[in-house]
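This report concerns only the one structure given below.
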Amino acid sequence: MSKEEELREDVVKAAKAIFNKGLVEAGEGNVSIRNGRKEEFFITPSFNQYDTLVKDEVVHMNFEGEALSSGKLPSTEPKMHTAIYKARK
C-alpha cells in the first residue's frame, strides 16, 4: 500500500471512529490528515456518509485550495484545515 493510500485509509478510520462514537451525525463533520511535510492534505468529501465511506472518496488537496484528485468534492471547510496545518508545522 502506498503512503497516499495509507493516509486516505487513516482518514476513513478516523471518520468512522468519530461517527461510531456519536460525535458527528451522517453528512456532518470532517476529518483530514496532512501529507507529511508537504503543503497537501487529505480530507473527507462533502456530504460524507460515514457508514459507506471508502479511501477512494477521500479528497487530496493542496494549501491553495485545489483538489489534486478527481471524484467527490471536498468538505466545505478546507480553508480551516489549511489554516491549522500552516500554523502547526
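The numbers here are math on the coordinates, done by the rules we state, and not lab data. Small disclaimer: the values here were computed from a predicted structure and weren't measured. A quick note on method: Cβ atoms are made from the backbone with ideal geometry, for glycine too, and the neighbour counts reach across all protein chains shown.
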#### Entry: Virtual spin-label span in nm between D51 and E77, 7 Å along Cα→Cβ
2.3 nm
### Query
When the chain is modelled as a GNM with alpha-carbon springs shorter than 10 Å, which of K38, K55, K16 fluctuates the most?
K38
## Note on the structure
Expressed in nanometres to one decimal, the distance between label points 7 Å along Cα→Cβ at S70 and R37 is 3.3 nm
### Message
Which one, L73, L53, L23, has the greatest fluctuation when you compute a Gaussian network model over the chain with C-alpha springs under 10 angstrom?
### Response
L23
### Query
Calculated FRET efficiency, K21 and R88, Cβ-Cβ r, R0 30 Å, to nearest 0.05?
0.80
### Message
If I histogram all Cα-Cα distances within the chain using bins 5 Å wide from 0, what percent of pairs lands in each bin?
### Response
3, 16, 28, 26, 18, 8, 1
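Which semi-axes, in whole Å and largest first, does the equivalent ellipsoid of the range 39-89 have when worked out from the alpha carbon gyration tensor as the square roots of 5 times its eigenvalues?
Values: eigenvalues 78, 25, 16 Å².
After diagonalising the Cα gyration tensor, the semi-axes are 20, 11, 9 Å.
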### Message
Give me the one-decimal nm value for the distance between modelled label points at M1 and K13, 7 Å along each residue's Cα-to-Cβ direction.
### Response
0.7 nm
### Message
Using +1 at the C-beta of Lys and Arg and -1 at the C-beta of Asp and Glu, which of S32, A83, T44 has the Cα lying farthest in the positive direction of the dipole of the chain?
### Response
A83
### Task
Considering only lysines 8 or more places apart in sequence, or on different chains, count the pairs in the chain whose C-alpha atoms sit under 19 Å apart.
13
